[in-house]
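Everything below concerns the one structure shown next.
Just so it is clear, none of the values below were taken in a lab; they were calculated from the coordinates. As the structure is a prediction and not an experimental result, all values here were calculated from the model. All Cβ positions, even for glycine, are placed from backbone atoms using ideal geometry, and neighbour counts span all protein chains on display.
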Amino acid sequence: MRLSRRRFLQASGLAALTSALPGCGAAILPEPDVTAPGFGEDSTGTVQVWCRGGAIGAAIQAAADRFHTTQDRLRAVVTPVQDAQYVTKLATAIRGERVPDLVDMDDINSMLFIYRDAFTDLTPLVRALPDRDALSPGHMRLATRNGRNYGVPSLADASLLWYNTDLLKKAGVDPATSLQDFDGLLDAARRVRGLGEDTYGWSIGGNSPGIQGFVVQPHVWATGTDQIQGEIGAQSGNIEGNEPLRQTLEFYHALWTDDILPRANFADNGSTWGADFRAGTIGFFPASYSPAVLAADEAARRRTGVVLLCGPDGGSSFFDGGDNLCIPRGATNASGGWEFAKFLMDLPQQQVLPEGGFTPIRADAATAKFEHKYPLVTAPLEKIKKGYAPITLSYNLLFNQADSPFGQMFRRAVFEGDMDGAIREGQHGFDTILTQAQS
Amino acid sequence: MTLSDTTATTVARTRAATERHIPGRRKRRPLGDEGTLTHPSSHGLLLVLPAALFVCVFVLAPLVFALYISLTNWPLIGSYKFIGLDNYATIGRDPAFWQAVLYTLIYTAIVTLPILVLGYLMAVVVRANRPGSTLLRTVFFLPYVIGLSTLSFLMVLEAQPNSGAVNLLLKALHITDGTTAWLVNGPLATGLICALIIWAVSGSTMVLLLSGMQSIPREVYESAQVDGSSWMAREWHITIPMLRRPISMSLILSVIGSFLAFSQFFIMTGGGPGRDTTPIVLYIYQRAFVQLQVGAATAASVILIVVVAAISAVQFWLLRAED
């Protein structure tokens with residue numbers, strides 16, 4: 001047969017089409033039978049564990065190393081995945097039908113996969129856990145759909161209000177009574193600002209939408225209100241008419257106009273988060289444990305105190321950040337995955353989490369011995385039910401991106417003072433994103 | 001006779017002379033049925049088969065697959081269904097898409113000419129084998145070698161108010177007070193990114209043009225000099241006309257690079273504040289991996305491929321038209 005150019009091109013096109021077709025597959029993977037006798041006990045072989053990179057990766061790897069010292073039947077192979085790529089890579093693995101046995105992922109993203117039937121229903125296993133009532137309810141909510149549990153918490157990263165006890169003492173502020181509402185906070189912050197030209201009352205990453213979402217929202221949640229309303233599939237923004245939100249934005253605007261926030265906060269994208277607080281020039285610093293305490297030297301730790309973030313007129317809350325453990329459908333060693341998950345939730349593993357900058361997800365981890373060793377970690381454990389995080393498929397879009405409506409609303413309201421315009425724009429942004437995501 | 005007439009005559013005379021001596025340039029022989037482009041031989045096709053297969057698997061197949069994805073509601077996670085041209089219609093109605101397109105065009109318009117001019121000037125400086133030329137070539141090309149990602153990360157730090165080198169320098173020069181928040185202001189961030197890109201990419205343009213300059217016979221310049229032409233006249237009437245192909249290639253590469261710009265925006269501003277610095281590729285990335293709408297993102301990618309291919313084709317056509 002003579003090979004003409006036309007035939008050659010036809011053959012090439014066909015080859016391209018044939019190569020492309022295998023990528024068109026997509027299916028819900030089979031769910032492991034978690035009710036099988038002996039599931040999650042005495043497993044053997046290897047369990048593939050994915051976790052976020054950085055400090056979390058180190059914490060999970062350290063736990064895996066301890067796990068290996070307790071037995072030699074099952075080996076946990078920990079693969080850290082860069083946080084920003086976690087969702088993409090896991091989704092790719094699921095589409096490629098080569099999933100890990102256990103995923104330790106940002107709890108805020110767990111619903112993305114649960115909603116798409118990508119994770120295993122662990123309800124019978126969770127109900128059988130002897131300490132299930134001690135687990136962080138905020139984390140559990142993020143892994144629960146229609147009353148079924150698709151995950152369990154592994155570690156917490158709570159947003160709290162840290163303060164410099166030395167500065168508060170000099171300013172005559174009593175943290176036990178003055179940090180209950182916005183009036184008290186504003187007054188305390190003003191007093192600290194009055195201590196000197198280089199001393200500021202408050203600090204926040206004003207150009208970091210992620211930080212803003214993490215530390216500002218709890219003020220609103222403390223009143224029992226959220227910025228999102230409705231169930232997934234029919235959610236919309238709750239911005240206009242949300243009085244606690246308006247009060248929170250006005251509070252931050254007052255901090256800005258009264259020169260209580262450092263001018264550098266305007267451009268702070270979080271790359272130097274907490275450096276000013278650790279240096280001792282800031283009175284109040286809403287953040288997580290790691291930048292406030294773990295990164296600080298011993299002297300700075302000694303002068304640090306902590307409370308939960310209050311609402312405008314009282315109440316308190318904190319962001320239930322951290323990780324959830326889930327077993328993807330199609331996992332080849334789901335039993336081993338659950339066994340390792342239980343190990344991670346055990347008290348000995350939980351009580352060393354502060355070494356890596358994290359908080360336990362069990363209220364019963366706050367023993368006297370633990371409190372003595374980590375006195376600045378116990379605040380969220382003592383009020384673990386105050387923890388909250390919104391359930392949505394669009395958290396990153398709504399709060400974490402540079403063009404997130406929450407971030408834009410915050411900047412416009414706080415730095416420009418256009419409260420009405422910011423709130424109107426925020427409502428539109430929330431509704432647009434939620435509508436797109438649910439269409 | 002004016003000086004430019006003299007130079008033009010010299011150029012024409014010399015070009016004719018040099019074309020006679022260009023090694024390797026041979027007159028084409030008439031083509032028959034065998035071995036022509038219109039009727040290739042089987043042997044020729046078999047020889048290119050490995051390369052063709054490679055292109056099929058790694059270029060055409062993904063392209064076909066991408067076309068298919070763009071016709072579905074393909075999410076990052078979960079099942080999908082065929083939705084025809086809905087994604088294209090949705091993209092067309094999305095103001096953010098058009099904002100990104102407009103921003104990409106503006107960005108391309110801002111950086112293209114300065115990259116060419118700076119690259120040309122750098123090539124002029126280093127084309128002669130004077131002492132220090134090699135060092136200068138290395139210095140000029142170094143930013144390109146370091147890479148945009150690294151430079152962007154460095155610039156994020158250097159653009160910080162009060163502490164970054166950019167602000168400290170401007171403060172020392174009494175231009176600003178050193179507190180400028182470059183990356184939280186759309187126009188300022190765009191200006192900074194453009195300055196970074198012009199500095200970083202001009203080195204590669206320099207290399208392209210330098211190779212072209214070095215292929216221009218020295219006799220041409222000597223002849224023009226004998227005729228009394230100035231340096232500027234020699235550049236204008238000899239160098240630039242004879243660099244038409246490298247200049248065209250530089251422009252094509254520069255425009256394509258600007259249309260596909262991503263890392264500098266992703267690292268330095270994340271597209272913000274708001275959407276003020278979101279070029280089209282970052283829009284596609286966000287649509288796919290933040291909004292998790294891979295189908296819609298792929299539709300935007302297909303549009304981008306068509307646009308970039310069309311612009312490149314027009315540029316190539318303009319180049320060929322004068323042959």
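Using a Gaussian network model of chain B with C-alpha springs under 10 Å, which one of B:Ser263, B:Ser202, B:Ser254 is most mobile by mean-square fluctuation?
In this elastic network of chain B, the residue with the biggest mean-square fluctuation among B:Ser263, B:Ser202, B:Ser254 is B:Ser263.
What dipole magnitude, in Debye to the nearest 20, does the protein assembly as shown give about its Cα centre under +1 on Lys/Arg Cβ and -1 on Asp/Glu Cβ?
Values: 60 positive and 65 negative charges, 697 e Å.
For the protein assembly as shown, the charge dipole is close to 3340 debye.
So how far, in whole Å, is the C-alpha centre of region A:157-207 from the one of region B:77-130?
Rounded to whole Å, the Cα centres lie 47 Å apart.
Kindly point out which whole DSSP H helices in chain B project their C-alpha atoms 18 angstrom or further along the helix axis while averaging a Kyte-Doolittle hydropathy of 0.5 or above. Each step should come with its number before you reach the end.
Numbers: long enough: B:3-21 (27 Å, -0.71); B:42-55 (19 Å, 1.99); B:95-126 (46 Å, 1.86); B:133-146 (20 Å, 1.45); B:186-214 (41 Å, 1.55); B:244-259 (22 Å, 0.99); B:294-321 (39 Å, 1.99).
Span-like helices here: B:42-55, B:95-126, B:133-146, B:186-214, B:244-259, B:294-321.
Once Lys and Arg get +1 and Asp and Glu get -1 on their Cβ, which of B:Trp231, B:Met155, B:Val255 lies farthest toward the positive end of the dipole of region B:95-321?
In region B:95-321, that residue is B:Val255.
Scale the Cα Rg of chain A by the rule-of-thumb value 2.2 N^0.38 Å and send over the ratio, two decimals.
Working: Rg = 24.1 Å, N = 439, 2.2 N^0.38 = 22.2 Å.
The reported ratio for this selection is 1.08.
Using only Cα atoms, what is the ratio of the radius of gyration of region B:169-323 to 2.2 N^0.38 Å? Could the numbers behind the result be given before it?
Details: Rg = 21.2 Å, N = 155, 2.2 N^0.38 = 15.0 Å.
Its radius of gyration relative to the 2.2 N^0.38 Å reference: 1.42.
Grab the DSSP H runs of chain A that are 4 residues or longer, score each as -39,500 (n - 2.57), total them, divide by all residues and round the 222 nm result to the nearest 500 deg cm²/dmol. Walk me through the numbers on the way to the answer.
On the way: 19 runs with 176 residues, N = 439.
That calculation yields -11500 deg cm²/dmol at 222 nm.
Only bridges whose two residues both fall in chain A count here: according to DSSP, what percent of them are antiparallel, nearest 5?
Details: 28 of 42 bridges.
Bridges in chain A that DSSP calls antiparallel: roughly 65 percent.
Sorted from fewest to most neighbouring beta carbons within 10 Å, what does the list B:Phe153, B:Phe140, B:Phe65 look like? Write out the running numbers ahead of the final one.
Details: B:Phe153 14, B:Phe140 24, B:Phe65 19.
Fewest to most other Cβ atoms nearby, the residues stand as B:Phe153, B:Phe65, B:Phe140.
Taking only C-alpha pairs under 8 Å that are 6+ residues apart, what is the relative contact order of chain A in percent?
Values: 836 pairs, mean separation 109.5, N = 439.
RCO, chain A: 25 percent.
Please give every one of the aspartates and glutamates within straight-line cross-link reach of A:Lys386, meaning a C-alpha to C-alpha distance under 15 Å, and leave out same-chain neighbours fewer than 8 residues apart.
The reachable aspartates and glutamates, counting only those whose Cα sits under 15 Å from A:Lys386, are A:Asp133, A:Asp157, A:Asp226, A:Asp320.
Using only the alpha-carbon atoms, how far is helix A:86-95 inclined from the longest principal axis of chain A? Give it as 0 to 90 degrees, nearest 10.
Roughly 20 degrees, rounded to the nearest 10.
Between helix A:405-414 and chain A, what is the angle of the helix's C-alpha long axis to the longest principal axis, kept within 0 to 90° and rounded to the nearest 10?
10
Can you sort B:Ser223, B:Ser149, B:Ser250 from fewest to most other Cβ atoms within 10 Å of each residue's own Cβ? Before the final figure, lay out the partial values.
Working: B:Ser223 19, B:Ser149 13, B:Ser250 25.
Neighbour counts put them in this order, fewest first: B:Ser149, B:Ser223, B:Ser250.
Sum -39500 (n - 2.57) across every DSSP H segment of at least 4 residues in chain B, then divide by the residue count to get the 222 nm mean residue ellipticity, nearest 500. Show your work: numbers first, answer last.
Values: 15 runs with 218 residues, N = 323.
Mean residue ellipticity, 222 nm, calculated: -22000 deg cm²/dmol.
What translational diffusion coefficient, to the nearest whole µm²/s, does region B:66-200 have by Stokes-Einstein, given a Kirkwood radius computed over alpha-carbon pairs, a temperature of 4 °C and 1.567 mPa s viscosity?
Numbers: Rh = 18.8 Å.
It comes out at roughly 69 µm²/s.
For the Cα atoms of chain A, what angle does the longest principal axis make with the long axis of helix A:209-221, in degrees from 0 to 90, nearest 10?
It works out to around 70 degrees.
Let me know the charge dipole size of region B:95-321 about its Cα centre in debye, to the nearest 20, where only the beta-carbon of Lys, Arg (+1) and Asp, Glu (-1) is charged.
Numbers: 11 positive and 7 negative charges, 64 e Å.
That gives region B:95-321 a dipole magnitude of about 300 debye.
Could you work out which residue, out of B:Leu135, B:Leu183, B:Leu192, moves most in a Gaussian network model of chain B, that is, has the largest mean-square fluctuation with Cα springs under 10 Å?
Of the options given, B:Leu135 has the highest mean-square fluctuation.
Using a Gaussian network model of chain A whose springs link C-alpha atoms within less than 10 Å, name the residue from A:Glu197, A:Glu31, A:Glu382 with the highest mean-square fluctuation.
A:Glu197
Just rank B:Phe141, B:Phe97, A:Phe318, fewest to most, by other beta-carbon atoms within 10 angstrom. Please report the intermediate quantities before stating the final value.
Values: B:Phe141 18, B:Phe97 21, A:Phe318 31.
With the sparsest Cβ surroundings first, the list reads B:Phe141, B:Phe97, A:Phe318.
Could you work out the percent of alpha carbon pairs in the protein assembly as shown separated by over 38 Å, rounded to a whole number?
On the way: 148289 of 289941 pairs.
Result for the distance tail: 51 percent.
Once the cut-off is 16 Å, how many percent of the Cα-Cα pairs in region B:137-200 end up in the long-distance tail?
49
Give the cross-link partners of A:Lys342 among the lysines, using a straight C-alpha distance below 18 Å as the criterion and excluding same-chain residues fewer than 8 apart.
Within the straight-line cut-off, A:Lys342 pairs with nothing.
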